[in-house]
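*Asks:* Questions regarding the structure given below will be posed in turn.
The values are calculated or read from the model by the stated rules, or taken from the named source; none is laboratory data. These numbers come from a predicted model, not from an experiment. Positions of Cβ are generated from backbone atoms using ideal geometry, with glycine treated the same way; all protein chains shown enter the neighbour counts. What goes into the accessible areas is simple: the full protein's heavy atoms, side chains included, and nothing from ligands, DNA or RNA. Shrake-Rupley method; radii C 1.70, N 1.55, O 1.52, S 1.80 Å.
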Amino acid sequence: QWMKTMAVERFVGNWDSFGYANEQNMYFYRPEHGPWKLMMWDIDIAFANVIAAPANTDFFTHINRFFNFTAGPTTQRFFKHPPFRREYLRTLQEIAIGPALKLNAYVDAKYAAFGSAGVAVASPALLKTYAANRRTLVLNTIARFDLPFAFTSPSQKRSTAETPEITVTGNAPL
């Protein structure tokens, strides 16, 4: 669950959160009878914050360009650990083919509702452009990691008499 939370934070560009450079504004919580949860907090600077987290910010970057903060070694290890990285990439993919496709209609409806109620709000154009650019970046990032199934080692046939165990490495689709 917590890598999914980090993926959402990264998609919306919330650099002021755990899993990004600042490593704050999140709470870990463990229910009495359940797994740990990561809860978002203080997401008011997300979407279209082009100074600190422009839309082209790589999903594995751990540097805040505005304040020059760098994520700590624990956060960086999360993103390098294959099972966590895989969950993170899968969630980014889910966002890109699900909610990100529905965002414009949702935002347009809210914008129209505010306008109908006489509430003056800024155009959502920047937010929509930011989200569209993030979506494109997700799809390009996924293309780099979503590889066909293949073994890369062991590269040679081994006799079963050598050892009863082998380590297999390779690639797999997300």
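*Asks:* How much of the accessible area of the chain, in percent, comes from carbon and sulfur atoms when a 1.4 Å probe is used?
*Replies:* C and S fraction of accessible area: 60 percent.
*Asks:* Mind counting lysine pairs for me in the chain? Cα separation below 27 Å, and the two need to be 8 or more apart along the chain or on different chains.
*Replies:* 10
*Asks:* Net charge near ASP146, counting Lys/Arg +1 and Asp/Glu -1 over other residues with Cβ under 15 Å of its Cβ?
*Replies:* +2
*Asks:* LEU103: net charge of surrounding residues, Cβ under 15 Å, Lys/Arg +1, Asp/Glu -1, itself excluded?
*Replies:* With Lys, Arg at +1 and Asp, Glu at -1, the net is +3.
*Asks:* Measuring with a 1.4 Å probe in the full set of protein chains, what accessible area per residue, in whole Å², belongs to the chain?
*Replies:* About 62 Å² of surface per residue is accessible.
*Asks:* Would you please classify the overall shape of the range 60-140 from the alpha carbon gyration tensor, given that a ≥ b ≥ c denote the square roots of the eigenvalues, rounded means a/c under 1.5, and beyond that prolate means a/b larger than b/c while oblate covers the rest?
*Replies:* Prolate.
*Asks:* Turning to a different aspect of this structure: Looking at the chain only, what percent of DSSP beta bridges run antiparallel? Nearest 5 please.
*Replies:* Among the beta bridges of the chain, antiparallel pairing accounts for roughly 90 percent.
*Asks:* If I stretch the segment between LYS4 and ASP108 completely, what's the gain in nm (0.36 nm per residue apart, minus their alpha carbon distance), one decimal?
*Replies:* Roughly 34.8 nm would be gained on extension.
*Asks:* Which entry in (1) 16.9, 51; (2) 20.1, 80; (3) 26.3, 99 is this structure's computed Rg and Dmax of the Cα atoms in Å?
*Replies:* Among (1) 16.9, 51; (2) 20.1, 80; (3) 26.3, 99, the one derived from this structure is (2).
*Asks:* Still on this structure: Counting other Cβ atoms within 10 Å of each Cβ, which trypsin sites (Lys or Arg not before Pro) in the range 70-174 have at most 16 and sit in a DSSP loop?
*Replies:* Here the trypsin sites (Lys or Arg not before Pro) that fit, given the DSSP loop and packing criteria, are LYS157, ARG158.
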